[in-house]
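J.: Next up is a structure, given as C-alpha coordinates.
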Amino acid sequence: MALPKLNDTPKYRVTVPSTGQEINYRPFLVKEQKMLLIASETQDRVDMVKAIINTINACTTEEIKGELTTFDVDYLFTKIRSKSVGETSTLLISCTECDMNNEIVVELDKIEVGDVTTDFKINVTDDILLEMRYPTYEDFMKNEKLLQGTSATESLVELLIICIAAICTEEERYSTKDSTREELIDFIDSMTTQQFETISEFVNDMPTLKEEVKFTCAQCNTENSKVLEGIDDFF
(Lines give C-alpha, C1' and ligand atoms only; values in the text may rest on other atoms or scores of the structure.)
Protein backbone atom coordinates (compact mmCIF):
# COMPACT_ATOMS: atom_id res chain seq x y z
CA MET A 1 0.00 0.00 0.00
CA ALA A 2 1.38 3.39 -1.01
CA LEU A 3 2.24 5.83 1.76
CA PRO A 4 0.29 9.10 1.89
CA LYS A 5 1.90 12.30 0.64
CA LEU A 6 2.94 14.60 3.45
CA ASN A 7 1.97 17.91 1.92
CA ASP A 8 0.90 19.68 -1.21
CA THR A 9 3.69 22.18 -1.80
CA PRO A 10 2.53 25.69 -2.74
CA LYS A 11 3.49 27.27 -6.06
CA TYR A 12 4.85 30.78 -6.56
CA ARG A 13 5.57 32.96 -9.61
CA VAL A 14 8.86 34.62 -10.44
CA THR A 15 10.31 36.45 -13.43
CA VAL A 16 13.67 35.36 -14.86
CA PRO A 17 15.66 38.65 -14.89
CA SER A 18 17.60 38.18 -18.13
CA THR A 19 14.63 37.12 -20.29
CA GLY A 20 11.48 38.39 -18.55
CA GLN A 21 9.99 34.87 -18.67
CA GLU A 22 7.52 34.17 -15.87
CA ILE A 23 7.78 30.71 -14.31
CA ASN A 24 6.27 28.77 -11.43
CA TYR A 25 8.41 27.45 -8.62
CA ARG A 26 7.98 25.61 -5.34
CA PRO A 27 10.01 25.59 -2.09
CA PHE A 28 12.76 22.99 -1.94
CA LEU A 29 12.06 19.81 0.02
CA VAL A 30 14.27 17.75 2.34
CA LYS A 31 15.75 15.81 -0.61
CA GLU A 32 16.96 19.06 -2.22
CA GLN A 33 18.09 20.52 1.10
CA LYS A 34 20.20 17.41 1.75
CA MET A 35 21.86 17.89 -1.64
CA LEU A 36 22.65 21.53 -0.79
CA LEU A 37 24.02 20.65 2.65
CA ILE A 38 26.26 17.90 1.27
CA ALA A 39 27.64 20.29 -1.35
CA SER A 40 28.17 22.98 1.30
CA GLU A 41 30.14 20.58 3.50
CA THR A 42 32.64 19.91 0.71
CA GLN A 43 33.60 23.62 0.69
CA ASP A 44 33.94 23.25 -3.08
CA ARG A 45 32.58 26.17 -5.10
CA VAL A 46 31.83 24.02 -8.15
CA ASP A 47 29.89 21.45 -6.09
CA MET A 48 27.85 24.22 -4.47
CA VAL A 49 26.99 25.88 -7.79
CA LYS A 50 25.96 22.53 -9.28
CA ALA A 51 23.73 21.82 -6.26
CA ILE A 52 22.10 25.27 -6.57
CA ILE A 53 21.42 24.79 -10.29
CA ASN A 54 20.04 21.29 -9.67
CA THR A 55 17.76 22.73 -6.97
CA ILE A 56 16.44 25.37 -9.35
CA ASN A 57 15.76 22.72 -12.01
CA ALA A 58 13.96 20.53 -9.46
CA CYS A 59 11.85 23.36 -8.02
CA THR A 60 10.73 25.04 -11.24
CA THR A 61 7.69 23.43 -12.80
CA GLU A 62 8.21 24.45 -16.41
CA GLU A 63 11.04 24.67 -18.91
CA ILE A 64 13.18 27.77 -18.62
CA LYS A 65 13.96 29.34 -21.99
CA GLY A 66 17.59 29.94 -22.84
CA GLU A 67 20.64 29.68 -20.60
CA LEU A 68 20.50 31.02 -17.08
CA THR A 69 23.01 33.80 -16.44
CA THR A 70 24.90 34.00 -13.15
CA PHE A 71 22.50 36.61 -11.80
CA ASP A 72 19.48 34.55 -12.94
CA VAL A 73 20.75 31.62 -10.86
CA ASP A 74 21.49 33.81 -7.83
CA TYR A 75 18.08 35.49 -8.02
CA LEU A 76 16.02 32.33 -8.57
CA PHE A 77 17.80 30.44 -5.81
CA THR A 78 17.31 33.33 -3.38
CA LYS A 79 13.57 33.35 -4.16
CA ILE A 80 13.31 29.57 -3.75
CA ARG A 81 15.35 29.63 -0.54
CA SER A 82 13.21 32.44 0.93
CA LYS A 83 10.06 30.35 0.49
CA SER A 84 11.76 27.20 1.80
CA VAL A 85 13.55 28.07 5.04
CA GLY A 86 12.63 31.69 5.76
CA GLU A 87 12.34 35.05 4.10
CA THR A 88 15.21 36.55 6.10
CA SER A 89 18.91 35.81 6.45
CA THR A 90 20.96 36.79 9.49
CA LEU A 91 24.46 37.97 8.58
CA LEU A 92 27.50 38.96 10.62
CA ILE A 93 28.91 42.24 9.29
CA SER A 94 31.94 43.86 10.88
CA CYS A 95 31.96 47.51 11.92
CA THR A 96 34.28 49.72 9.89
CA GLU A 97 35.49 51.43 13.07
CA CYS A 98 35.97 48.71 15.72
CA ASP A 99 35.70 45.50 13.64
CA MET A 100 33.02 44.05 15.90
CA ASN A 101 30.65 41.66 14.11
CA ASN A 102 27.07 42.88 14.15
CA GLU A 103 24.07 40.64 13.48
CA ILE A 104 22.12 42.09 10.55
CA VAL A 105 18.82 40.66 9.30
CA VAL A 106 18.29 40.93 5.53
CA GLU A 107 14.86 40.45 3.96
CA LEU A 108 15.60 38.09 1.08
CA ASP A 109 12.22 38.49 -0.59
CA LYS A 110 12.91 42.19 -1.21
CA ILE A 111 16.28 41.72 -2.91
CA GLU A 112 16.23 42.46 -6.63
CA VAL A 113 18.65 42.33 -9.53
CA GLY A 114 20.00 45.57 -10.98
CA ASP A 115 19.12 46.90 -14.43
CA VAL A 116 19.40 44.34 -17.23
CA THR A 117 20.61 45.76 -20.53
CA THR A 118 18.96 44.97 -23.84
CA ASP A 119 21.82 46.50 -25.83
CA PHE A 120 24.49 43.86 -26.35
CA LYS A 121 26.33 45.61 -29.17
CA ILE A 122 29.43 47.75 -28.68
CA ASN A 123 31.20 49.67 -31.44
CA VAL A 124 34.94 49.56 -30.84
CA THR A 125 35.81 51.21 -34.17
CA ASP A 126 33.81 52.64 -37.06
CA ASP A 127 33.82 49.24 -38.78
CA ILE A 128 34.15 46.70 -35.95
CA LEU A 129 31.28 45.88 -33.63
CA LEU A 130 31.21 43.42 -30.72
CA GLU A 131 28.19 41.37 -29.77
CA MET A 132 28.23 40.75 -26.02
CA ARG A 133 26.46 38.29 -23.74
CA TYR A 134 26.07 37.70 -20.01
CA PRO A 135 28.11 34.82 -18.55
CA THR A 136 26.68 31.66 -17.01
CA TYR A 137 28.01 29.65 -14.07
CA GLU A 138 28.87 26.93 -16.57
CA ASP A 139 31.25 29.44 -18.19
CA PHE A 140 32.90 30.00 -14.80
CA MET A 141 33.18 26.27 -14.07
CA LYS A 142 34.97 25.72 -17.39
CA ASN A 143 37.47 28.51 -16.69
CA GLU A 144 40.25 27.32 -14.38
CA LYS A 145 41.74 30.79 -13.97
CA LEU A 146 38.48 32.25 -12.63
CA LEU A 147 37.93 29.23 -10.37
CA GLN A 148 41.44 29.38 -8.94
CA GLY A 149 41.40 33.13 -8.46
CA THR A 150 43.55 35.62 -10.36
CA SER A 151 44.38 39.30 -10.22
CA ALA A 152 41.62 41.82 -10.92
CA THR A 153 43.04 42.59 -14.37
CA GLU A 154 43.39 38.92 -15.33
CA SER A 155 39.86 38.20 -14.09
CA LEU A 156 38.52 41.06 -16.19
CA VAL A 157 40.23 39.70 -19.31
CA GLU A 158 38.89 36.20 -18.61
CA LEU A 159 35.37 37.59 -18.29
CA LEU A 160 35.73 39.55 -21.52
CA ILE A 161 36.76 36.36 -23.32
CA ILE A 162 33.52 34.80 -22.07
CA CYS A 163 31.29 37.83 -22.72
CA ILE A 164 32.35 38.60 -26.29
CA ALA A 165 29.93 36.47 -28.32
CA ALA A 166 30.94 37.67 -31.78
CA ILE A 167 33.19 40.13 -33.60
CA CYS A 168 31.45 41.77 -36.56
CA THR A 169 32.74 43.72 -39.53
CA GLU A 170 30.72 45.10 -42.42
CA GLU A 171 31.44 41.92 -44.40
CA GLU A 172 31.42 39.13 -41.81
CA ARG A 173 30.41 37.95 -38.35
CA TYR A 174 33.04 35.96 -36.44
CA SER A 175 31.56 33.84 -33.66
CA THR A 176 34.01 33.52 -30.76
CA LYS A 177 32.97 29.85 -30.42
CA ASP A 178 35.09 29.31 -33.54
CA SER A 179 38.08 31.21 -32.11
CA THR A 180 40.82 29.94 -29.84
CA ARG A 181 41.53 31.45 -26.45
CA GLU A 182 44.88 32.73 -27.75
CA GLU A 183 43.19 34.48 -30.68
CA LEU A 184 40.75 36.23 -28.35
CA ILE A 185 43.54 37.33 -26.00
CA ASP A 186 45.48 38.71 -28.99
CA PHE A 187 42.36 40.57 -30.11
CA ILE A 188 41.86 42.13 -26.66
CA ASP A 189 45.58 42.94 -26.34
CA SER A 190 45.44 44.84 -29.65
CA MET A 191 42.88 47.32 -28.28
CA THR A 192 43.67 50.85 -27.24
CA THR A 193 43.18 51.71 -23.59
CA GLN A 194 39.97 53.59 -24.43
CA GLN A 195 38.56 50.64 -26.40
CA PHE A 196 39.39 48.26 -23.56
CA GLU A 197 37.70 50.54 -21.04
CA THR A 198 34.60 50.76 -23.25
CA ILE A 199 34.03 47.00 -23.37
CA SER A 200 35.10 46.61 -19.72
CA GLU A 201 32.07 48.70 -18.74
CA PHE A 202 29.86 45.83 -19.90
CA VAL A 203 31.47 43.49 -17.35
CA ASN A 204 31.69 46.06 -14.58
CA ASP A 205 28.01 47.00 -15.00
CA MET A 206 26.65 43.45 -15.16
CA PRO A 207 23.49 42.94 -13.09
CA THR A 208 23.85 41.27 -9.71
CA LEU A 209 21.91 40.75 -6.51
CA LYS A 210 22.49 43.95 -4.60
CA GLU A 211 21.26 45.48 -1.36
CA GLU A 212 22.61 48.31 0.78
CA VAL A 213 22.38 47.66 4.53
CA LYS A 214 22.81 50.35 7.16
CA PHE A 215 23.33 49.69 10.84
CA THR A 216 24.63 51.24 14.03
CA CYS A 217 27.44 49.26 15.64
CA ALA A 218 26.28 47.71 18.92
CA GLN A 219 29.70 48.31 20.47
CA CYS A 220 30.93 51.75 19.34
CA ASN A 221 27.71 53.29 17.91
CA THR A 222 29.38 54.02 14.58
CA GLU A 223 26.96 54.38 11.67
CA ASN A 224 27.81 51.79 9.02
CA SER A 225 26.75 51.27 5.43
CA LYS A 226 27.64 48.22 3.36
CA VAL A 227 26.56 47.07 -0.08
CA LEU A 228 25.89 43.34 -0.26
CA GLU A 229 26.49 42.03 -3.76
CA GLY A 230 26.20 38.51 -5.16
CA ILE A 231 24.75 35.39 -3.60
CA ASP A 232 27.76 34.75 -1.34
CA ASP A 233 27.11 37.98 0.56
CA PHE A 234 23.56 36.99 1.47
CA PHE A 235 24.14 33.52 2.95
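J.: Multiplying the sequence separation of Met100 and Thr19 by 0.36 nm and subtracting their Cα-Cα distance, what value in nm do you get?
T.: 25.0 nm
J.: Expected output is a single nm value to one decimal: the length gained when fully extending between Tyr12 and Glu62, i.e. 0.36 nm times separation in residues minus the C-alpha distance. What is it?
T.: Working it through step by step, the gained length comes to 16.8 nm.
J.: Still on this model: Compute the Cα gyration tensor for the range 52-130, then decide on rounded, prolate or oblate, letting a ≥ b ≥ c be the square roots of its eigenvalues: rounded whenever a/c is under 1.5, prolate when a/b is larger than b/c in the other cases, and oblate in all that remain.
T.: Note, shape of the range 52-130 comes out oblate.
J.: Only Cα pairs under 8 Å and at least 6 apart count here; give the relative contact order of the chain as a rounded whole percent.
T.: Relative contact order for the chain comes out at 17 percent.
J.: Between the range 22-36 and the range 137-171, what is the separation of their alpha carbon centroids in Å?
T.: One Cα centre to the other: 30 Å.
J.: Measuring with a 1.4 Å probe in the full set of protein chains, what accessible area per residue, in whole Å², belongs to the range 23-182?
T.: Normalised by residue count, the accessible surface of the range 23-182 is 57 Å².
J.: Under a 10 Å cutoff between Cα atoms, tell me which one of Leu146, Leu108, Leu159 has the largest fluctuation in the Gaussian network model of the chain.
T.: Comparing Leu146, Leu108, Leu159 in a Gaussian network model of the chain, the most mobile one is Leu146.
J.: Another question, if that's okay. For the range 62-165, what is the relative contact order in percent, using Cα pairs closer than 8 Å and at least 6 residues apart in sequence?
T.: Normalised by residue count, the contact order of the range 62-165 is 22 percent.
J.: Okay, moving on. Could you work out what % of the accessible surface of the range 1-106 is carbon and sulfur, using a 1.4 angstrom probe and leaving DNA, RNA and ligands out of the count?
T.: 50 percent
J.: Which of the GluC sites (Glu not before Pro) found in the range 170-235 are loop residues per DSSP with 11 or fewer other Cβ atoms within 10 Å of their Cβ?
T.: Glu170, Glu171, Glu172
J.: Quick one: grab the alpha carbon gyration tensor of the range 77-189, order the square roots of its eigenvalues as a ≥ b ≥ c, and give me rounded if a/c is under 1.5, else prolate or oblate depending on whether a/b is larger than b/c.
T.: In terms of gyration-tensor shape, prolate.
J.: Rounded to the nearest 0.05, what FRET efficiency do Arg173 and Glu229 give with R0 = 35 Å and r taken as the Cβ-Cβ distance? Could you check?
T.: Given R0 = 35 Å and the Cβ-Cβ separation, E is 0.55.
J.: Right, another one. What does the helix-only formula give at 222 nm for the chain: each DSSP H stretch with n ≥ 4 adding -39500 (n - 2.57), the total divided by the residues, and the result rounded to the nearest 500 deg cm²/dmol?
T.: So the calculated ellipticity at 222 nm is -11500 deg cm²/dmol.
J.: Next up: Please go through the range 21-128 and write out the GluC sites (Glu not before Pro) that DSSP classes as loop and that have at most 11 other C-beta atoms within 10 Å.
T.: Answer in residue order: Glu62, Glu63.
J.: Provide the per-residue ³J(HN,Hα) series for the range 198-212, in order, calculated from phi with Karplus coefficients 6.51, -1.76, 1.60 and θ = phi - 60°, each as a whole number of Hz, with x at glycine and proline positions.
T.: 5, 6, 5, 4, 4, 5, 5, 9, 4, x, 7, 4, 8, 8, 8
J.: Run the simple label-point estimate for Asp109 and Ile128 please: 7 Å along Cα→C-beta, distance reported in nm.
T.: It works out to 5.1 nm between the two label points.
J.: Shape call for the chain from the C-alpha gyration tensor, a ≥ b ≥ c root eigenvalues: rounded (a/c under 1.5), prolate (a/b greater than b/c) or oblate?
T.: Because a/c hits 1.5 or more and a/b fails to exceed b/c, the chain counts as oblate.
J.: Excluding residues fewer than 8 places away in the same chain, name every one of the lysines whose C-alpha is closer than 18 Å to that of Lys121.
T.: Lys177
J.: Further question on the same structure: Which value, in debye to the nearest 20, describes the size of the charge dipole of the range 5-163 about its Cα centre when Lys and Arg Cβ atoms bear +1, Asp and Glu Cβ atoms bear -1, and nothing else is charged?
T.: The dipole magnitude comes to about 840 debye.
The values are calculated or read from the model by the stated rules, or taken from the named source; none is laboratory data. Computed from a predicted structure; not experimentally measured. Heads up, the Cβs are rebuilt from the backbone with ideal geometry, glycines too, and the neighbour counts pull from every protein chain shown. In case anyone asks, the SASA skips ligands and DNA or RNA and just uses the protein heavy atoms, side chains included. Shrake-Rupley method; radii C 1.70, N 1.55, O 1.52, S 1.80 Å.
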